Amino acid sequence: MTSDQFALYFLAVFIATLTPGPAIMLGITNSIRFGPRASLIGALGCVTGTGLMGLLSALGLGALIMTSGVLFSIIHYVGAAYLIWLGIKFWRDSRLPAVEGVNSTEPKRTPGILRLYVQGFIVSASNPKAIAFFTALFPLFIDHNAPLISQFAIMDTTFVIMSFSSIMAYSMFAARSRQFLTGHGKKWFQRISGSIFVSFGIGLAVSAR
């Protein structure tokens, strides 16, 4: 890739990763509910799923999935169902008592590392739009006269790093409001988060192929 090509790709990725989506919303929710460490683990799961989608697209499997109606539909609706389930879970958790007191920023229960990681992975990997994005984006910046593997590796790695940075930036910003949102504001934060995830899931389910 030339420096001009990479600069354009970087700008496209910057805009794409900065736009809030399910991964960023999950990072914000984990940061406020369980702390920066939980957000970090969830973010690692998210970018693992994102990196996998980029790899599949680079290997040509992304185009295969996009042309396979059954396979695309399975991934499509599984991803939508998971986001809706996650939203409903947040709504149910909003009924739990708020943590009161000065140390309200310390959560009583934090999910295990594996659970947080898998949750993040599923949120990213179950979204077929990621495959569509990579399949459409990668060819625009490829130099067909240069080695393809190294170019795909650079683009996928760049996207993963930018995505991780964006999730953590949102998470750290949200952490400043954590004390309030784990106290009296917990119920409304949980319900707003749940509504957003349900909206993401419904939007994914009804979106056109």
(request) Mind grabbing the accessible area of LEU59 for me, 1.4 Å probe, Å², rounded to tens? (result) 120
(request) For ARG92 and SER165, calculate 0.36 nm times their separation in residues minus their Cα-Cα distance, and state this gained length in nm to one decimal. (result) 23.3 nm
(request) Can you sort LEU56, LEU83 by 1.4 Å-probe accessible area, starting with the largest? (result) LEU56, LEU83
(request) Using a 1.4 Å probe and counting only protein heavy atoms, arrange VAL206, VAL160 so the residue with the most accessible area comes first. (result) VAL206, VAL160
(message) For a Förster distance of 45 Å, can you work out the FRET efficiency between the beta-carbons of SER3 and LEU71, rounded to the nearest 0.05?
(response) 0.75
(request) Please report, in whole Å, how far the alpha carbons of the range 1-54 spread along each principal axis, starting with the longest. (result) 42, 20, 16
(request) Multiply the residue separation of ALA136 and ARG115 by 0.36 nm, subtract the distance between their alpha-carbon atoms, and state the gained length in nm to one decimal. (result) 4.4 nm
(message) Suppose the chain between ALA146 and VAL78 were pulled fully straight at 0.36 nm per residue; how much longer would it get relative to their current alpha carbon spacing?
(response) 20.7 nm
(request) Quick one: order LYS89, LYS187 from most to least accessible surface, probe 1.4 Å. (result) LYS187, LYS89
(request) First measure r as the distance between the Cβ atoms of ILE15 and ILE202, then evaluate 1/(1 + (r/R0)^6) with R0 = 22 Å and state the FRET efficiency to the nearest 0.05. (result) 0.35
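The values are calculated or read from the model by the stated rules, or taken from the named source; none is laboratory data. Just so it is clear, the structure is predicted and the values come from calculations on it, not from any experiment. Positions of Cβ are generated from backbone atoms using ideal geometry, with glycine treated the same way; all protein chains shown enter the neighbour counts. Remember, those area values only see protein heavy atoms, side chains included, never the ligands or the DNA or RNA. Shrake-Rupley method; radii C 1.70, N 1.55, O 1.52, S 1.80 Å.
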